[in-house]
Amino acid sequence: MESSRLKSVDDTKVFIENEQNQIEIPQVLENLLVSTVLACLKQEGIGVACEINILLTDDESIREINSQFRNIDAPTDVLSFPMADIIKGKINDIGKDSDPDEGLLVAGDIVISAETAKKQSELYGHSLERELAFLAAHGMYHLLGYGHENEQDEREMTGKQETVLDELGLKRA
C-alpha cells in the first residue's frame, strides 16, 4: 500500500478493551486514553492514520503476559507490543505494517494493569487519570520506537511523555 492512500492521523482508530473489573473505567477515562494516544502521534508528526489497541487488565493477567513474552514472572504497569517498523517516530516501511481493509498503519498493542495504575497513583500522589494517561503515553512511545535502555533515551522519552501530559492538563503533582 502506498503512503498516499493512507488516511490522515485524524482517522486513527484506538480500540480499548477493559477485561478487568477491579477499577471502574468510565467512558471519560477511555476518552482520555484515546486523547493521550492521539497527542503522542501528533507530537511525533506521524501523518498517517494508525490502529492502536489498548487492553486494560489486572495484575494477574499482566503478570501472565509478562511471563509469556518477557520471561519475567511478575506484574508490571504497562507492556507494549509494536507491530510497525517505527524507530524514534520515523516510519520505515508502511506497506508491510498496514491494514489493507482499513488503510491504517497497525502500530501495535498496549497492555495496562489498571490495578497497578491505581496503586501507583496513590503512591505518587496524583490522580488515577494522570497515571493511566502516563502509562498510555509510555506504551505509545514504545510503539513509536522509543526506549529507556540508557539515561539519554530515558530522558528523551520522559520529556515527550510529560509534554503530552502537560498539554492534556495532567501536570506532574
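Loop sites only, by DSSP: take the GluC sites (Glu not before Pro) in the chain that have at most 12 other C-beta atoms within 10 Å and name the longest stretch containing none of them.
25-148
Between Glu102 and Thr76, 0.36 nm times their residue separation minus their Cα-Cα distance comes to what?
Extra length from Glu102 to Thr76 when fully extended: 6.1 nm.
Spin-label point model (7 Å from Cα, Cβ direction): what's the His126 to Asp11 distance in nm?
3.4
Averaged per residue, what accessible area in Å² does the range 29-130 show with a 1.4 Å probe, protein chains only?
Per residue, the range 29-130 has an accessible area of 44 Å².
Could you work out, for the chain, what percent of all Cα-Cα pairs fall into each 10 Å distance bin, beginning at 0 Å and stopping at the bin that holds the largest distance?
10, 39, 37, 13, 1
List the trypsin sites (Lys or Arg not before Pro) in the range 99-173 that DSSP assigns to loop (not H, G, I, E or B) and whose Cβ has at most 16 other Cβ atoms within 10 Å. Which are they?
Of the trypsin sites (Lys or Arg not before Pro), the ones in loops of the range 99-173 whose Cβ has at most 16 other Cβ atoms within 10 Å are Lys171, Arg172.
Quick one: length gained pulling Asp85 to Lys42 fully straight, 0.36 nm per residue minus the C-alpha distance?
13.7 nm
Given points 7 Å out from each Cα along the Cα-Cβ axis, report the Lys118 to Ser35 separation in nanometres with one decimal.
2.3
For Gly147, what charge total do you get from the other residues with a beta carbon under 10 Å from its beta carbon, if Lys and Arg give +1 and Asp and Glu give -1?
-3
Can you pull the percent of the chain's accessible area that's carbon plus sulfur, 1.4 Å probe, other chains left in place?
Here it works out to 45 percent.
Of Lys13/Lys118; Lys13/Lys119; Lys13/Lys42; Lys118/Lys160, which pairs sit farther than 19 Å apart, going by alpha carbon to alpha carbon?
With Cα atoms farther than 19 Å apart: Lys13/Lys118; Lys13/Lys119; Lys118/Lys160.
Assuming R0 = 41 Å, can you tell me the calculated FRET efficiency for the pair Glu156 and Asn21, based on Cβ-Cβ distance, to the nearest 0.05?
In this case the efficiency is close to 0.65.
Going by alpha carbons, how many degrees (0 to 90, nearest 10) lie between the helix axis of 128-143 and the longest principal axis of the chain?
Helix 128-143 sits at roughly 40 degrees to that axis.
The values are calculated or read from the model by the stated rules, or taken from the named source; none is laboratory data. Treat the numbers as computed from the prediction; the structure is a model and nothing was measured. So basically every Cβ, Gly included, is an ideal-geometry build from the backbone, and we count neighbours across all protein chains shown. Ligands, DNA and RNA are stripped out before the accessible areas are found, and what is left, the full protein with its side chains, is counted by its heavy atoms. Shrake-Rupley method; radii C 1.70, N 1.55, O 1.52, S 1.80 Å.
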